[in-house]
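Here's the structure, in structure tokens; my notes come after.
The values are calculated or read from the model by the stated rules, or taken from the named source; none is laboratory data. In this text the structure is predicted, and so the values were computed from the model without any measurement. For neighbour counting, all protein chains shown are included, and Cβ atoms are generated from backbone atoms with ideal geometry for every residue, glycine included.
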Amino acid sequence: MTAEEIVKKANRLARIFYQMQGYEVSDDFKFYRAHHPAEVGCWNMAVVAFDEIEGTDVEDCLAQLEEDEAA
């Protein structure tokens, strides 16, 4: 998987966690840019889940994407 695919999958997972709590956001919402504690928490849970299951550091992938966007 590319860094972009990993970040997108983690964002989808965060959305699932958020929906499990009874909340909804737009399809283009980026949990990794959230400020609300519940949204940030869902992103963090997705990051931990990816690391535990896939051994993938989502935050590194996100940093790589942000570097690519800045270039």
(request) Restrict the check to segment 23-35 and report whether at least one residue is of a type in the set (A, V, I, L, M, F, W, C), surrounded by fewer than 13 Cβ atoms within 10 Å (Cβ to Cβ) and closer than 20 Å to Thr2 by Cα. (result) no
(message) Residue pairs, Cβ under 6 Å, 6 or more apart or interchain, first in segment 39-60 and under 21 Å from Gln19 (Cα atoms) and among the acidic types (Asp, Glu), second at pLDDT 95 or above and buried (at least 16 other Cβ atoms within 10 Å of the Cβ). List them.
(response) Glu39/Phe31
(message) Looking at segment 1-37 only, could you name the residues that are outside any helix (DSSP H, G or I), over 17 Å from Glu66 (Cβ atoms) and polar (S, T, N, Q)?
(response) Gln21, Ser26
